[in-house]
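The values are calculated or read from the model by the stated rules, or taken from the named source; none is laboratory data. These figures come from a predicted structure and were not determined experimentally. Using ideal geometry, Cβ is built from the backbone for each residue, glycine included, and neighbour counts are taken over all protein chains shown.
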Amino acid sequence: MNSMDQIKNQTDEMLTQLSRLIRHNSVQGPATEGKPFGEGPAAALKEALDIASELGFSTVNMENYCGYAEMGEGPDIVGIVAHLDVVPAGEGWDTDPFTMTRKKDRVYGRGVSDDKGAVIASLYAMKLLRDSGFPLNKRVRLLMGCNEESGSECMKYYARHGEPITAGFTPDGYFPGIHGEKGLCAMTAYSKNTHILSMNGGFVTNAVCSRCVTEVPLTCVDAAKLEAALSKTPLSASSVTVLEDRLRIEAQGTAAHASTPELGVNAAAYTMWALKEAGMQDDFVDFYLSHLGTDCDGSGIGCQFTDAYGSLTFNNGIVETKDGVIRCTIDIRYPVTLSSEKLRAMAAPHLENAQGRIEINHASEPLFYPEDSPLVQNLYHAYVEVTGDTSHKPMVIGGGTYAKSIPGIIAFGCEFPDTDNHIHDVNESLDIHELQMQTAIYLKALENLLADH
Ligand SMILES: [Zn+2]
């Protein structure tokens with residue numbers, strides 16, 4: 001029997017196991033004794049380790065931060081790094097998010113795709129590999145974290161207390177694999193002197209500021225000129241209201257993820273642009289436009305940079321005013337061939353002048369494996385062998401995946417190209433044929449990684 005037939009024979013059992021994981025609402029909760037992420041993640045971990053143990057794997061619970069199922073022998077560890085925590089279900093589901101429900105060839109429930117389905121696909125890939133008699137000259141370890149969605153503290157704990165992974169993948173991204181993830185850098189810009197009374201907008205650092213409300217003294221700018229300036233911007237809506245001693249400007253832009261800020265319209269940036277265009281003389285308006293600006297490419301702080309895999313992106317997500325100081329968050333995604341050290345050096349001469357200043361809060365390194373590296377090739381070949389798809393290639397992305405939380409791995413699946421499982425959304429679902437394909441691909445990937453010396 002070929003491996004796909006074997007997987008089909010075990011699909012009902014796999015779905016039963018998946019439903020056991022789905023019924024635990026494993027959203028992060030308040031820490032209790034021995035349960036750093038609360039009751040839900042710990043219960044999901046216990047269930048997963050029970051399933052793994054029933055399937056004949058040795059299991060370890062690492063203080064409810066994470067746990068693993070393992071087989072094989074030897075010093076090397078081929079790792080699969082999945083997670084059992086989920087994001088909150090949210091309102092508007094057609095079915096109970098914590099009772100896995102099948103409709104024709106799809107199952108619905110929070111986590112069926114991200115990432116509990118991947119846990120089951122990985123476990124059954126391990127089982128099929130073991131039962132096939134394939135020589136297990138290395139250990140294969142399925143690591144299951146309990147805090148991927150809220151900071152990946154689970155993998156920080158593993159990095160301190162567990163053995164390093166020799167090579168492997170996380171089934172928490174896309175096929176046919178993500179061989180590069182841009183570096184991240186967070187900065188904050190501060191005003192020094194400004195006439196702006198208040199400016200507030202945006203709600204998260206990792207999205208374009210899509211709405212912004214600003215108040216300036218009546219004496220600083222002419223309302224009619226400001227309205228004319230606003231009408232020249234790509235803002236989808238704007239208004240200027242004359243209040244007693246001030247103008248209130250409401251600007252509506254377009255949201256976009258911070259990794260693709262060029263797809264959005266920044267409400268704060270275009271408010272600044274319109275204030276300047278209308279003739280307002282102000283230190284922080286000038287500083288914002290020269291240092292942050294509307295271009296989203298980092299050119300204002302000397303960081304414009306493009307390599308073969310993409311360009312640096314620059315996003316102002318939140319603007320807040322407190323005690324007369326305007327504060328703007330900056331989310332930078334920098335290309336995989338740049339280092340945080342180089343980025344800091346490029347930015348350093350541009351971070352402060354008499355009109356404002358920018359602070360670097362933190363910077364993390366990119367993740368990058370060349371496309372022709374053994375890890376990327378071993379995984380990609382498994383994908384091609386099972387799917388026959390050679391049109392999609394391993395990719396580089398601006399977002400960060402679980403792969404960044406532990407060395408030696410890249411993201412590989414579990415979402416297929418051109419599919420949308422509504423991950424993090426209502427009615428998250430998984431096509432049963434895709435679950436079978438994932439299992440077949442992970443089986444082949446494990447064979448390739450075990451055979452590689
Ligand atoms: Zn995930």
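Under the condition of being assigned to a loop (DSSP other than H, G, I, E, B), of a type outside the set (A, V, I, L, M) and more than 13 Å from the ligand (Cβ to nearest atom), which residue from segment 161-177 is nearest to residue 402 (Cα to Cα)? Let's see the steps before the verdict.
Taking segment 161-177 as the starting set, the residues that turn out to be assigned to a loop (DSSP other than H, G, I, E, B) are 162-166, 171-172, 175-177.
Those left that are additionally of a type outside the set (A, V, I, L, M): 162-164, 166, 171-172, 175-177.
So of that shortlist, the ones also more than 13 Å from the ligand (Cβ to nearest atom) come out as 162-164, 166, 175-177.
Values: 162: 17, 163: 17, 164: 15, 166: 16, 175: 15, 176: 16, 177: 13 Å.
The qualifying residue nearest to residue 402 (Cα to Cα) is 177.
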Original post:
Of all residues in segment 96-109, how many are in a loop (DSSP other than H, G, I, E, B) and either closer than 24 Å to residue 42 by Cα or in contact with a His (Cβ under 8 Å, 6 or more places away or on another chain) (or both)?
Top reply: 7
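Could you check, for segment 207-220, whether at least one of its residues is in a loop (DSSP other than H, G, I, E, B), modelled with pLDDT of 95 or more, in the same structural domain as residue 187 (by TED's automatic domain parsing) and more than 17 Å from residue 288 (Cα to Cα)?
Kept after step one, since they are in a loop (DSSP other than H, G, I, E, B), are these residues of segment 207-220: 208-210.
Within this subset, residues satisfying the condition of being modelled with pLDDT of 95 or more are 208-210.
Narrowing the set further to residues that are in the same structural domain as residue 187 (by TED's automatic domain parsing) leaves 208-210.
The next check asks that each one be more than 17 Å from residue 288 (Cα to Cα); those that pass are none.
No, segment 207-220 contains no residue that is in a loop (DSSP other than H, G, I, E, B), modelled with pLDDT of 95 or more, in the same structural domain as residue 187 (by TED's automatic domain parsing) and more than 17 Å from residue 288 (Cα to Cα).
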Subject >> First in segment 38-66 and over 13 Å from residue 145 (Cα atoms), second anywhere and among the acidic types (Asp, Glu) and surrounded by 16 or more Cβ atoms within 10 Å (Cβ to Cβ), Cβ under 7 Å, 6 or more apart >> reply: 57/70; 58/70
Original post:
Is at least one residue of segment 352-361 surrounded by fewer than 20 Cβ atoms within 10 Å (Cβ to Cβ), free of Cβ contacts under 8 Å to residues at least 40 places away in the same chain and either at positive phi or assigned by TED's automatic domain parsing to the domain that holds residue 252 (or both)?
Top reply: yes
Original post:
Among all residue pairs at least 6 apart or on different chains, which show Cβ distances below 8 Å where the first residue, located in segment 399-420, is assigned by TED's automatic domain parsing to the domain that holds residue 114 and within 16 Å of residue 141 (Cα to Cα) and the second is more than 15 Å from the ligand (Cβ to nearest atom) and of a type in the set (Val, Ile, Thr)?
Top reply: 406/165; 407/165; 408/165; 408/166; 409/165; 410/376
Original post:
Among 219, 188, 241, which is free of Cβ contacts under 8 Å to residues at least 12 places away in the same chain and closer than 29 Å to residue 354 by Cβ?
Top reply: 219
Original post:
Between a first residue in segment 248-264 that is closer than 13 Å to residue 331 by Cα and touching a residue at least 12 places away in the same chain (Cβ under 8 Å) and a second residue that is among the hydrophobic types (A, V, I, L, M, F, W, C) and in a helix (DSSP H, G or I), which pairs have beta carbons less than 6 Å apart while being 6 or more apart in sequence or on different chains?
Top reply: 256/263
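Quick check: is even one residue across segment 96-109 modelled with pLDDT of 95 or more, within 21 Å of residue 3 (Cβ to Cβ) and away from the ligand (no atom under 14 Å from the Cβ)? Before you say what the answer is, go through the steps one by one.
So the first thing to find is which residues in segment 96-109 are modelled with pLDDT of 95 or more, and the list is 96-109.
Then drop every residue that is not within 21 Å of residue 3 (Cβ to Cβ), which leaves 105.
Applying the additional criterion that residues be away from the ligand (no atom under 14 Å from the Cβ) yields 105.
Scanning segment 96-109, I find at least one residue that is modelled with pLDDT of 95 or more, within 21 Å of residue 3 (Cβ to Cβ) and away from the ligand (no atom under 14 Å from the Cβ), so the answer is yes.
For segment 110-160, give me the residue count where each residue is part of a strand (DSSP E or B), of a type in the set (A, V, I, L, M) and within 16 Å of the ligand (Cβ to nearest atom). Give the steps one after another, and end with the answer.
First, the residues of segment 110-160 that are part of a strand (DSSP E or B): 139-145.
Next, only the ones that are of a type in the set (A, V, I, L, M) stay: 140, 142-144.
Subsequent filtering for residues that are within 16 Å of the ligand (Cβ to nearest atom) retains 142-144.
Final tally of qualifying residues: 3.
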**OP:** Identify all residues within segment 40-60 that are in a helix (DSSP H, G or I) and more than 24 Å from the chain's Cα centre (by Cα); write none if there are none.
**Re:** 43, 46, 47, 49, 50, 51, 52, 53, 54
**OP:** For segment 61-69, indicate whether the set of residues that are among the polar types (S, T, N, Q), buried (at least 18 other Cβ atoms within 10 Å of the Cβ), away from the ligand (no atom under 16 Å from the Cβ) and in a loop (DSSP other than H, G, I, E, B) is non-empty.
**Re:** yes
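Looking at segment 95-122, which of its residues are of a type outside the set (Ser, Thr, Tyr), in contact with a strand residue (DSSP E or B) (Cβ under 7 Å, 6 or more places away or on another chain) and surrounded by fewer than 24 Cβ atoms within 10 Å (Cβ to Cβ)? Talk me through it step by step, then tell me what you get.
Filtering segment 95-122 down to residues of a type outside the set (Ser, Thr, Tyr) leaves 96-98, 100, 102-107, 109-112, 114-121.
Add one more test, that the residue is in contact with a strand residue (DSSP E or B) (Cβ under 7 Å, 6 or more places away or on another chain), and what stays is 100, 105-107, 109, 112, 115, 117-119, 121.
The answer is 105, 106, 107.
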**OP:** Restricting attention to strands (runs of 3 or more DSSP E) lying wholly within segment 308-427, give those where 2 or more residues are away from the ligand (no atom under 16 Å from the Cβ).
**Re:** 313-322, 325-334, 356-364, 395-397
